[in-house]
Each structure stands twice: as C-alpha cells, then as structure tokens.
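S.K.: One structure, as structure tokens, below. Some questions next.
The values are calculated or read from the model by the stated rules, or taken from the named source; none is laboratory data. No experiment lies behind these values; they were computed from the predicted model shown. So basically every Cβ, Gly included, is an ideal-geometry build from the backbone, and we count neighbours across all protein chains shown.
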Amino acid sequence: MTPWTEISLNDYESHMNSPEIGQATYLAETMGELARIIQPQRVAVIGCAGGNGFDQLRYAGVEQLIGIDINNDFCDVAFDRFGEQFEHLEIMTADFCDETCQFEPVQFLFAGLFLEYVDLATAIAKCAESIIAGGYFGAVIQLPSETIAEISPSPYSESLQPLESILTLVDPDLFEQIAEENGFTCLDSRIDTLPSGKSFKLFLCQKKEV
C-alpha cells in the first residue's frame, strides 16, 4: 500500500499552492507550455491528482485527455472538475507502472514530480509503451538541495510526511540514459528555480519513429 492512497487532496493541493511552495502553478504552466509547443490532440497525465494543469491543456486545444492517479479520491475530484471541459476525458484510478494499467497510446505524456515515487526504469519503459512513435514525453524532476528539505515545509507538510518513505530524487543523467534505452531522444532540457529556492529539471523527449 502506497502512502499516496492515504493523502488528503485538500492538504496536498494546499501545500502545492501555498506561497512558500508554488509548485502547483509551476507544474501547470510548464505542462501547458509544452502542450502549446507540441499541439497534441490526445494527452495523458500521470499522477494527475485533482487535475492541476488540465485547464492549461484545454486552452492549448487538447481534445482527448487521460488522467491517471493511484488515489481514487483525487481521480473523483479531477473528473468532477473537468469532465465537461474536454471532448473526451478519461480518469483512471491505477498504478501507472502496473501492467494492468492500459490505454491507447497518446501523442504527449506528462509526468510532473511523479518519477520520484516509482521505479524509474519501470516507469520510463511504461511511458514508452504509452506514447505513439514520434510522440512526446515531458518530465519534471526535483533536484537536490543542501538547504531545502525534499518535502518543503508548509502549514500542510506534516500530513505529507509519509511520502518521504517512498521519495527518491532522480539523477538527471540516469533519466536521460534510461530514456534513450527506451527509444526516446531528449530534445531539450532546462533547470527552473522557484522563488522558494527549490530547483527542478524539465525534460522534453521524443519517441523515435519505428
């Protein structure tokens, strides 16, 4: 049983949206930025929580959206919020890395602060299976800090502490290596540092044509 199934969406969203964290806005805007560049019609978001950033995808012209999260309460809220805003919205309560999580491959898959909580090699291999040839994979990973805790302090961070037991920061070089082993070409990357001082690395990869 993963701690994610016991996390309150209110606490998680309040933490991510709090001024001292600011990660919800960053992830939503980053996902929207990539969608406007790629202009996909069919998208998957893994670790979708309550649908953060879905509005950005709608503004970018996405018609078909699949959201996957392991917490059923998160999924219910995401569908309630956005079920009428897309031509087709499918919300799946599932462990993305499990072989039973299956859906039609998409043109663009986004994983924002998701890879830290799963087996990296398994997750990237599953991403490759879930994206069409020539499609795109966007990932945001958290970079280590000598001064800031991996789960940044906020009024809500105490309720998120169980996540520390399964959080493992992703080495950017290892990400690129495993991505390339699974048929991706890393097109671009950058480091973004938020006002909190915490830094993240954004990757945009493309699945090679067969």
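S.K.: Take L57 and tell me if it is closer than 26 Å to D188 by Cα and buried (at least 16 other Cβ atoms within 10 Å of the Cβ).
M.R.: Yes; evaluated as a whole, the condition is true for this residue.
S.K.: Hey, does the range 126-141 have a residue that's assigned to a loop (DSSP other than H, G, I, E, B), within 15 Å of the chain's Cα centre (by Cα), at pLDDT 95 or above and not hydrophobic (A, V, I, L, M, F, W, C)?
M.R.: Yes, the conditions are met somewhere in the range 126-141.
S.K.: So the check is Cβ under 8 Å with 6+ separation or different chains; which pairs have a first residue in the range 165-183 that's touching a residue at least 40 places away in the same chain (Cβ under 8 Å) and a second one that's part of a loop (DSSP other than H, G, I, E, B) and surrounded by 15 or more Cβ atoms within 10 Å (Cβ to Cβ)?
M.R.: I166/T2; L167/I151; L169/L143
S.K.: On to the next question. Can you name every residue in the range 60-83 that is in contact with a strand residue (DSSP E or B) (Cβ under 8 Å, 6 or more places away or on another chain), surrounded by fewer than 23 Cβ atoms within 10 Å (Cβ to Cβ) and among the small types (G, A, S)?
M.R.: The answer is G83, and nothing else.
S.K.: Right, something else. Considering only the range 1-16, how many residues are within 14 Å of V77 (Cβ to Cβ), touching a helix residue (DSSP H, G or I) at 6+ places or on another chain (Cβ under 9 Å) and surrounded by fewer than 16 Cβ atoms within 10 Å (Cβ to Cβ)?
M.R.: Qualifying residue count, the range 1-16: 1.
S.K.: Still on this model: Quick one: which residue in I66, I70 is β-branched (V, I, T), at pLDDT 95 or above and within 21 Å of I141 (Cβ to Cβ)?
M.R.: Matching residue, one of I66, I70: I70.
So that you can scan it fast, the table gives a plain yes or no per residue for (1) free of Cβ contacts under 8 Å to residues at least 24 places away in the same chain; (2) touching a Pro at 6+ places or on another chain (Cβ under 6 Å); (3) under 20 Å from V45 (Cα atoms); (4) not β-branched (V, I, T):
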site: I124; (1), (2), (3), (4): no, no, yes, no
site: T147; (1), (2), (3), (4): no, no, no, no
site: D188; (1), (2), (3), (4): yes, no, yes, yes
site: P195; (1), (2), (3), (4): no, no, no, yes
